[in-house]
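> Just passing along the structure, written as structure tokens.
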Amino acid sequence: MDLTAGLSSPRLINPLLQIETAYQSDQPLHWRIKPSIMIRTKDSPTTWVLGLERNDARKNTGIRLAIWNTF
């Protein structure tokens, strides 16, 4: 089960939270959480996503950088 929740407004910075889970019988639950911010400039189809990423397989936290483009 996955969840993506955030705010979409004309502001420069908006919050975003993504949670991903996976389960197979006889295996532990796998999860990943990605709290982020979306940075959008005026009159641009591009949105930058900057955040953190953590999952159950690693003991550390990573940095996430993504580009979303509106078609």
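> Pick the calculated semi-axes √(5λ) of the Cα gyration tensor in Å for this structure from (1) 21, 16, 10; (2) 28, 13, 9; (3) 26, 16, 9?
Working out semi-axes √(5λ) of the Cα gyration tensor in Å from the coordinates points to (2).
> Just to verify a number: FRET efficiency for ARG11 and PHE71, C-beta to C-beta distance, R0 = 35 Å, to 0.05?
Details: r = 22 Å, r/R0 = 0.63.
Plugging the Cβ-Cβ distance into 1/(1 + (r/R0)^6) gives 0.95.
> Where in region 1-29 is the amide nitrogen less than 17 Å from a point lying 7 Å along the Cα-to-Cβ axis of LEU52?
The answer is 15-20.
> Also: Hey, what do the phi angles of region 20-25 turn into as Karplus ³J(HN,Hα) couplings, whole Hz, using 6.51/-1.76/1.60 and θ = phi - 60°, x for Gly and Pro?
My calculation for region 20-25 gives 10, 9, 8, 9, 10, 4 Hz in order.
> Oh, and also: Percent of accessible area on the chain owned by carbon and sulfur, 1.4 Å probe? Provide the component values of the computation, followed by the final result.
Details: 3380 of 5540 Å².
Carbon plus sulfur share of accessible area: 61 percent.
> Let me ask something else about it. Just the accessible area per residue of the chain, please: how many Å² with a 1.4 Å probe?
Per-residue accessible area for the chain comes out at 78 Å².
The values are calculated or read from the model by the stated rules, or taken from the named source; none is laboratory data. Computed from a prediction, not measured in an experiment: that's the story for all the values here. Cβ: placed from backbone, ideal geometry, glycine included. Neighbour counts: every protein chain shown. To get the accessible areas, we keep the full protein, side chains included, count just its heavy atoms, and leave off ligands, DNA and RNA. Shrake-Rupley method; radii C 1.70, N 1.55, O 1.52, S 1.80 Å.
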